[in-house]
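Here's the structure, in structure tokens; my notes come after.
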Amino acid sequence: MLLAVSVLMLSLAVTDLPSARAAVNEVTILAYICGADLESDEGEASGDLREMLSTGIGGSGAVTAIVATGGCTRWQQFNISSRTVQYHRLGTGGPELLKDAGRRNMGDAGTLSDFLSFALSAAPAKRYILVFWDHGGGPVFGLCNDQNFQDDSLSLAELRTGLKNGLNGTKMDIIAFDCCLMNCVDLCYDLCGFTDHAVVSQELVSGTGLNYDEWIKPIVENPSVSTQSIAMNMVDTYIAENSRGRDASTATMTVVSMDKMPSVMDAANAFSASLAREIQNNLSGVVRLRNQLTSFGEFMDYDASDLVDVEDMCTAFSALLPQESENLKQAARQAVSYNVTTSDIASYAHGLSFFLPQATVRNDRQDILEHYSSESGSYAGLAVVMTNQAASSGYTMSASSYTPSNFYYYDDYYDDYSCSGSLCDIWDGYYGDYCSFDDAWNSCGGDIWAGLNTDCGSIWDGYSSSSGIWSGYQPGSSGSSGSTSASGIWSGLPADTGSESSSPVTLSPVTASSAMNNIWSGLANTGSDFYQPGETNQNLQTGISEAVTPETVIDTANSYFSSSSLSSQMIYSIQLNKTDLDHLSAAGGVLSIRQDDETIRLGNIGEITVDWSTGLVFSMFDGSWPMLGNQMVRAEFLYKDDAGNVRFVIPAKVNGLKMYLLGNRTVDGKTELLGATQGYDENGFAIRGSIPLEAGMTIYPLFTAVSPDGTEREYEGEAITVPAEGLQLVLSRIPAGNYQYCFGLTDLSGQVHYTDSVNLTF
């Protein structure tokens, strides 16, 4: 009887262990699938298991797949347990249970290491591919958050521990991350010694994830296919799927060579150490450079990963840290062996990311410090320094002391052809009231107004074609009033103001540049509280924040207004005092409406130009606004690619759930909605993928309402129902009504301060 019991116990023990005589495969694919809400709500993990099974991998004698499942409250297919972690072999009939590991947290290093140890024994092979499947939150939040354990996730430290203990010296050929935002210098460096290649995404990963059937099937059909080809095929098939259908937006995937990452980390540490020292003396310059960079996974309201492209970052900081930037850029290029993106982000996704805190500091300061304070090296130290510095600026701008002033306004929408503003006033100062813009054509005529619209027209008309009032701004054009100086209207600007009864006075010629400088200098305050043109100040740094020339404003305005089909042309300006300018990070124009006793902020408008030498800030607005279903919406423009296409997001409630509508405006003016996404969850993890906007959905545009005491709340616009033919987002004339306009001034810590408002009527 004792012998029988012993035999039974031995039999039970064997069923819980892989066979010691398991055949050696050519390739074993390991998948650590933490289903989370992606499976519980959408069944996305089950869908990817179906893709794997469709490749015929279960019937292959040379290629096998062992998967760990768990981490969600419901598995929608294959009779997989949602209460325990299970290990399966993918067979011809579906997932074959090899072991039930019990109630385990997939966000724990021990769970990962146990699975890896089991799988390596169960399916030894000549080559191994390991795939992590779930949410990813970048270096701060890690990956694989388990719904059954309060969304606990694998931190990078836990990932290292799990790999070290589970692999026990065995090296993977490829480790791939079917998770958002896991491409970063520190993660890739952590993988050194564990794998030869990493396949990682700099951006959010679409809901469909890696295209498993299309990259696994070639391995099943030809197990000897090279490792590099497998990795590249993972990338290519993912991008191909994201270049069609509902996921046709913002996708990138990269193959990173691990043998190059030590050199990258050395260069990253050197760059970080120099930048950390620079912050002590030049925080404003560093923050302004950081503002030039696009964060991956970026949404409004400070939702972002703060992961930026290494190459873009090095280009931005090249003037400040020339050698360190170049060394890091070249090292990253060596490490990125293959990188493919969809066309919309090709200009700023070069294959390797760097964590550079900015937007996330306000909400995630403690998480950032907790993670990076426990890491070693200057790279981690920079994250700590930037987080502490940005979060403790302690400066409050005197924004309410500024009121936007009219620099230039022209609108022929209602056939009033009126021009006003300080630029017009300065012009009057030169030529007198009889040459005011209001009656310019009738009273002045002649060369002065050549090229303008018949009824006064825009001051920017004809600038590019060397006609209009800027004709002759550059020497080389024929003079006017009999002058031989080749400077158009700029020849002979009178020193004295003319009168309505007199003719323009012909004086000694004045060069075009002198005339423009006179106008330009007349705009700036001359008090001791303000920086003066030519005065040396900490804001004038090459590549960071430079002086703005008259040509810059003219070119910007000409491009901005000429690209609009509308007729309104509006430029408002303020001038910051020295102290506020020193603490300025960015500026924007903000349009609002009054409703009862609240101010409803509709969003940012136009384009901003900041003259960092004097503190003059110019906001250009052409009267257009994004309209969805005949309603104004708040569209935040995230970035513009090299071709001029603009990506933006719109906060809204879609069927009661707070989401972001994703939009794109092409360089030819075509605007389209790409779908909707939830952005980030409460744990800092990006919600994968987007959903299409389908007929019958109800959308409420979201804005910010501000009470008289400054309290902010979320404000819902009127309901919009998606029609059968779909919603169209258009830029059209702003609805008639009364509005308020102000500047939003962002300080070095990321706080936005609002100036006083002026009233606008359309």
Taking every alpha carbon pair in segment 550-761 and sorting the distances into 5 angstrom bins from 0 up to the bin holding the longest one, the percent per bin comes out as 1, 6, 13, 17, 18, 18, 13, 8, 3, 1, 0, 0
Between the modelled labels at LYS640 and ASP100 (7 Å from Cα along Cα→Cβ) the distance in nm is 6.0
As straight-line cross-link partners of LYS164, the qualifying lysines (C-alpha separation under 23 Å, not fewer than 8 residues apart within one chain) are LYS99, LYS126, LYS260
In whole angstrom, the spacing between the Cα centers of segment 651-688 and segment 75-104 equals 34
If each part is reduced to its alpha-carbon centroid, segment 330-365 and segment 188-261 end up apart, in Å, by 16
Proxy exposure order for ILE239, ILE129, ILE600 (fewest C-beta within 10 Å first) is ILE239, ILE600, ILE129
Taking a straight Cα-to-Cα line shorter than 24 Å from LYS640, and setting aside same-chain lysines fewer than 8 residues away, one finds LYS329, LYS670
Most exposed first, judged by fewest Cβ atoms within 10 angstrom, ASP344, ASP306 run ASP344, ASP306
Toy charge model, Lys and Arg Cβ at +1, Asp and Glu Cβ at -1: segment 169-328 dipole around Cα centroid in debye, rounded to 20, equals 160
By Cβ neighbour count within 10 Å, fewest first, ARG601, ARG634 rank ARG601, ARG634
Scalar couplings 3J(HN,Hα) for segment 735-745 by Karplus 6.51 cos²θ - 1.76 cosθ + 1.60 (θ = phi - 60°), nearest whole Hz, x for Gly and Pro, are x, 4, x, 9, 10, 10, 10, 8, 9, x, 10
So for R0 = 41 Å, FRET eff. of ASN655-SER401 from the Cβ-Cβ r, to 0.05, ends up at 0.40
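Laboratory data are not the source of any read-out in this text; all were calculated from the coordinates shown. Every value quoted in this text rests on a predicted model; they were computed, and no experiment measured them. Every residue, glycine as well, gets a Cβ built from its backbone with ideal geometry; the counts of neighbours run over all protein chains shown.
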